[in-house]
Amino acid sequence: MTLEEMDLHVPLTQQLGDVHIGPVVLINKFTVAPEDSAALISSWADDAAYMKRQPGFITTQLHRGSAGSCVFLNYAVWESLEAFRTAFAQPEFRGRLAHYPASTVASPHLFEKVAMPGICVA
């Protein structure tokens, strides 16, 4: 698996060092060769089952681009940055990354809700 930053100005490593306390959302865009799509889905499902057992995990969902696209989007919600950081740093999780197909390019990034009066709340 190759990692590509989603934001070239604020890399994931910088986000992991933040002191944000509230809920965070991980968005991870995956691209994969067409012949590796099933293997990516299998690897992601294994990771999701692992993360589901971690303290502070709330939910996750994998999306796939339509019309046979080989672009996938993972959306995961965590109670706090600290909970995500702890789970992400576990050697067991880090070892799981080797199970993804070699053609996989992942772009993980952390987000927090933005309040817009009359539209959405934070």
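The values are calculated or read from the model by the stated rules, or taken from the named source; none is laboratory data. What you see is a predicted model; the values in this text were computed from it and never measured. Methodologically, a virtual Cβ is constructed for each residue, glycine included, from the backbone with ideal geometry; neighbour enumeration extends over all protein chains shown.
Here is how the numbers come out for the structure above:
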read-out	value
Filter result for VAL24 (modelled with pLDDT of 95 or more, more than 13 Å from the chain's Cα centre (by Cα) and not acidic (Asp, Glu))	no
Lone unmet requirement of (1) closer than 17 Å to THR31 by Cα; (2) free of Cβ contacts under 8 Å to residues at least 24 places away in the same chain for ALA49	(1)
Tally, over the stretch 63-94, of residues that are within 13 Å of PRO23 (Cβ to Cβ), hydrophobic (A, V, I, L, M, F, W, C) and not in a strand (DSSP E or B)	3
Looking only at the stretch 50-63, and only at residues there that are touching a helix residue (DSSP H, G or I) at 6+ places or on another chain (Cβ under 8 Å) and surrounded by 12 or more Cβ atoms within 10 Å (Cβ to Cβ), the one that is farthest from LEU110 (Cα to Cα)	TYR50
Considering residues of the stretch 95-122 that are at pLDDT 95 or above and assigned to a loop (DSSP other than H, G, I, E, B) only, the residue nearest to ASN28 (Cα to Cα)	THR104
Condition met for VAL77 (over 20 Å from VAL105 (Cβ atoms) and aliphatic (A, V, I, L, M))	yes
Identity of the residue in the stretch 46-61, aliphatic (A, V, I, L, M) and within 12 Å of the chain's Cα centre (by Cα), that ends up nearest to LEU73 (Cα to Cα)	ALA48
Selected residue (criterion: surrounded by the fewest Cβ atoms within 10 Å (Cβ to Cβ)) from residues of the stretch 23-35 that are not aliphatic (A, V, I, L, M) and not in a helix (DSSP H, G or I)	LYS29
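Yes/no matrix, rows are residues, columns are (1) outside any strand (DSSP E or B); (2) hydroxyl-bearing (Ser, Thr, Tyr); (3) touching a residue at least 12 places away in the same chain (Cβ under 8 Å); (4) within 15 Å of CYS70 (Cα to Cα):
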residue: HIS9; (1), (2), (3), (4): yes, no, no, no
residue: GLN15; (1), (2), (3), (4): yes, no, yes, no
residue: ASP18; (1), (2), (3), (4): yes, no, yes, no
residue: ILE21; (1), (2), (3), (4): yes, no, yes, no
residue: SER37; (1), (2), (3), (4): yes, yes, yes, yes
residue: SER43; (1), (2), (3), (4): yes, yes, yes, yes
